[in-house]
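One structure below.
The values are calculated or read from the model by the stated rules, or taken from the named source; none is laboratory data. These numbers were taken from a predicted model, which means no experiment stands behind them. When we count neighbours, we look across all protein chains shown, and the Cβ atoms used for this are built from the backbone with ideal geometry, even at glycine.
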Amino acid sequence: MRIVLPQIVSIGIYNSQTAVKNRAVTKERATGMFEIELPMEEGGASFIDGAEAPVSPMRMICAKAGQIRKTKLPFKCYYIHMILHEGYLYDALMQTPSFIEITDREKYLSLFQRLCRYYESDLEEDTVMVEGLVLELLHALYRDAVKQQRRTEEAQGQAKIIDEAVRYITANPAADLSLAALARRFNLGTYYFHHCFKRYTGLTLRVFVEEQRIKRAATLLLTTGDTLTKIAADCGFSSQSYFNYAFKRKKGITPRQFAKAIAEKYEK
């Protein structure tokens, strides 16, 4: 593993209120080096190669050379600008997302504060300190970037499973669609499945299943001459009486009244 140390161009604090006046957004520009920033407060937004993220003290910014960026103001941050063209650190930074969610803000804050302090020093030993702090900063940044990627991959996996579950529920309204049955079908714990389902659909499983069953029942009422008992069974309702209750609660009228009202509209 080849470690090439970055060439530090500048370290400090940027404050748009003093650096940029009478502008709502900075000019769009192409970056010429790595620009790593820790926002100091909420407000504004950062744009990098078309991607946008609200400025937040809990979100690091990592722009690479050649990227196009601009910032919606106000914006205040700690920053480090550095040049790096090869080696392990270069490869790691190039894989790092432009926006990285962080949990230990105090750690980054301490690193930047010490970087600012030692960078202004003329002592040779403080130059060594700056190099060490930069390596510590890049290590922390890369670790958080890896964690974020894992969370993203996990979320994508969850979304795929819930998408499959939604398709299964829609296609099989009469099946056992209980939480336990569906969690077992998709090899997840019941609590975890419930959490994922509500997160991605905005509804509890019970509410979603009942909505799909009522939609299917409404279609059957309009397209078949089946009895209410058969429609209730085909749509997974435990009884005709519960079917009537659930349908009226959702539609405001009973299944018979619904079918009659649609028929009357057609005949007019």
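For Val134, are the conditions met, namely being in a helix (DSSP H, G or I), assigned by TED's automatic domain parsing to the domain that holds Tyr90, among the aliphatic types (A, V, I, L, M) and exposed (fewer than 14 other Cβ atoms within 10 Å of the Cβ)? So Val134 does not fit the description; no.
Residues of region 201-236 that are closer than 22 Å to Glu164 by Cα and part of a loop (DSSP other than H, G, I, E, B): Gly202, Leu203, Thr204, Cys235, Gly236.
Residue count for region 30-57 satisfying the condition of being assigned to a strand (DSSP E or B) and surrounded by 13 or more Cβ atoms within 10 Å (Cβ to Cβ): 12. In the set (1) surrounded by 15 or more Cβ atoms within 10 Å (Cβ to Cβ); (2) aliphatic (A, V, I, L, M); (3) at pLDDT below 95, the condition left unmet by Met1 is number (1). Consider region 4-23 and keep the residues that are small (Gly, Ala, Ser) and modelled with pLDDT of 90 or more. The one that is farthest from Met82 (Cα to Cα) is Ser16. Does region 144-183 hold any residues that are polar (S, T, N, Q) and either touching a residue at least 40 places away in the same chain (Cβ under 8 Å) or not in a helix (DSSP H, G or I) (or both), and which are they? Result: Gln148, Gln149, Gln158, Thr170, Asn172, Ser178. The condition of being part of a loop (DSSP other than H, G, I, E, B) and either surrounded by fewer than 18 Cβ atoms within 10 Å (Cβ to Cβ) or not aromatic (Phe, Trp, Tyr) (or both) does not hold for His81. I'd like to check something: does region 235-252 contain any residue that is touching a residue at least 40 places away in the same chain (Cβ under 8 Å) and among the small types (Gly, Ala, Ser)? There is at least one residue in region 235-252 that is touching a residue at least 40 places away in the same chain (Cβ under 8 Å) and among the small types (Gly, Ala, Ser). Residues in region 67-110 that are among the small types (Gly, Ala, Ser) and modelled with pLDDT of 95 or more: Ser98, Ser110. So which residues in region 114-134 are within 20 Å of Met94 (Cα to Cα) and modelled with pLDDT of 95 or more? Once the filter is applied, which keeps residues that are within 20 Å of Met94 (Cα to Cα) and modelled with pLDDT of 95 or more, region 114-134 yields Leu133, Val134.
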